[in-house]
Amino acid sequence: MGTSDARLQLLGGFRLLSDGTPVAVPETAAKLLALLAIQEWPLTRSRIAGEFWPEKSEGRASANLRSTVWRLPSSTRHFLSHNGSTMAIAEFVEVDVHEARDVVRDLLHGEGPRGASSVEVDMLSRPLLPEWDDDWLTYERERTRQLHIHALESLGHTLLASGDALGAVDLSIRVVGMEPLRESAHVLLMSAYLACGNRADARRSHDRYRELMRDELGLDPAVDWDELMASSTVRPPARTATG
């Protein structure tokens, strides 16, 4: 059977495309595809069955897994790769989580500064499968979120260092939205505002963060406004010609 143009989107929600057309997939079958795509390496059938049906006997769980595979639309069953006792996502299936991992790797470990397209930034800003609350997703969702936050914050620092303060503002606002109590993201936002010459916005950002920390954790932020001002290069306001 020839391969088709297949794409699996997991960031922001599950979506399977075959030759550009969305494919409706039963929920358990969709979760099987998602699990295999997230792991990136073959998993044993017994592990998959145990993840999905831990309360069932081994025989019953294995039967449920076989039934789940057959619930996949017939045109998409070859999206799974079978090898004896293991299963994996087929190599030809494009997965947005894999692409995001490549972007994160480049941003955090690439040689020299790297930019990112708006598509890549949007991709890193989306949560992993937010519509599901399965136990097997808990670790991977948090791991993905933390990696994406680190990468976006790193990109924000790169933009700030290169003189694109407005771009750094946008990136840091995204990160603050993803992790409202993350102090390094708030410091980046304040620094970016200061680099733009917007001391009022920077001060408001500092005060909002201080109130949030006190309300949520009963703590004061470690960042000190006077120290931040002393360490930042504030762009002077533009002068206007007179007379």
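Quick grid of which residues meet (1) under 30 Å from residue 29 (Cβ atoms); (2) polar (S, T, N, Q); (3) under 16 Å from the mean Cα position of the chain (by Cα):
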{"position": "89", "(1), (2), (3)": "yes, no, no"}
{"position": "97", "(1), (2), (3)": "yes, no, yes"}
{"position": "100", "(1), (2), (3)": "yes, no, yes"}
{"position": "103", "(1), (2), (3)": "yes, no, yes"}
{"position": "125", "(1), (2), (3)": "yes, yes, yes"}
{"position": "161", "(1), (2), (3)": "no, no, no"}
{"position": "165", "(1), (2), (3)": "no, no, no"}
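Kindly indicate whether residue 46 is open to solvent by 60 Å² or more (accessible area, probe 1.4 Å), out of contact with any Gly (no Cβ under 6 Å at 6 or more places or on another chain), more than 23 Å from residue 18 (Cα to Cα) and among the hydroxyl-bearing types (Ser, Thr, Tyr).
Taking the combined requirement at face value, the residue satisfies it.
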Of all residues in the stretch 196-233, how many are loosely packed, with under 15 Cβ neighbours inside 10 Å, modelled with pLDDT under 80 and either in a loop (DSSP other than H, G, I, E, B) or of a type in the set (Lys, Arg) (or both)?
2
Residue satisfying all of: in the stretch 107-148; without any contact (Cβ under 8 Å) to a residue 24 or more places away in the chain and outside any helix (DSSP H, G or I); nearest to residue 14 (Cα to Cα) among these
133
Pair list, Cβ under 8 Å, 6 or more apart: the stretch 13-25 residue closer than 18 Å to residue 134 by Cβ, other residue charged (D, E, K, R) and open to solvent by less than 60 Å² (accessible area, probe 1.4 Å)
16/7
Look at residue 28 and say whether it is exposed (fewer than 12 other Cβ atoms within 10 Å of the Cβ), at pLDDT below 95, of a type outside the set (D, E, K, R) and touching a helix residue (DSSP H, G or I) at 6+ places or on another chain (Cβ under 9 Å).
no
How many residues of the stretch 91-106 are surrounded by fewer than 18 Cβ atoms within 10 Å (Cβ to Cβ) and in contact (Cβ under 8 Å) with a residue 60 or more places away in the chain? The answer is 3
Can you name every residue in the stretch 149-175 that is hydroxyl-bearing (Ser, Thr, Tyr) and part of a helix (DSSP H, G or I)?
154, 158, 172
Checked the stretch 43-67 for anything among the hydroxyl-bearing types (Ser, Thr, Tyr) and either out of contact with any Ser or Thr (no Cβ under 9 Å at 6 or more places or on another chain) or more than 17 Å from residue 83 (Cα to Cα) (or both); matches are 57, 67
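In the stretch 115-145, what residues are surrounded by fewer than 12 Cβ atoms within 10 Å (Cβ to Cβ) and not acidic (Asp, Glu)? First the steps, then the outcome.
So the first thing to find is which residues in the stretch 115-145 are surrounded by fewer than 12 Cβ atoms within 10 Å (Cβ to Cβ), and the list is 117-119, 131, 133, 135, 138-139, 142.
If the condition is that a residue be surrounded by fewer than 12 Cβ atoms within 10 Å (Cβ to Cβ) and not acidic (Asp, Glu), then 117, 118, 119, 138, 139 are the ones that fit.
Do you know which residues across the stretch 171-197 are farther than 15 Å from residue 230 by Cα and not aliphatic (A, V, I, L, M)?
The initial filter retains those residues of the stretch 171-197 that are farther than 15 Å from residue 230 by Cα, namely 171-186, 189, 196.
Answer for the stretch 171-197, where residues must be farther than 15 Å from residue 230 by Cα and not aliphatic (A, V, I, L, M): 172, 174, 177, 179, 180, 182, 183, 184, 186, 196.
The values are calculated or read from the model by the stated rules, or taken from the named source; none is laboratory data. No experiment lies behind these values; they were computed from the predicted model shown. No Cβ is skipped: glycine too gets one built from the backbone with ideal geometry, and neighbour counts run over all protein chains shown. We work out accessible area using only protein heavy atoms, side chains counted, and drop any ligands, DNA or RNA first. Shrake-Rupley method; radii C 1.70, N 1.55, O 1.52, S 1.80 Å.
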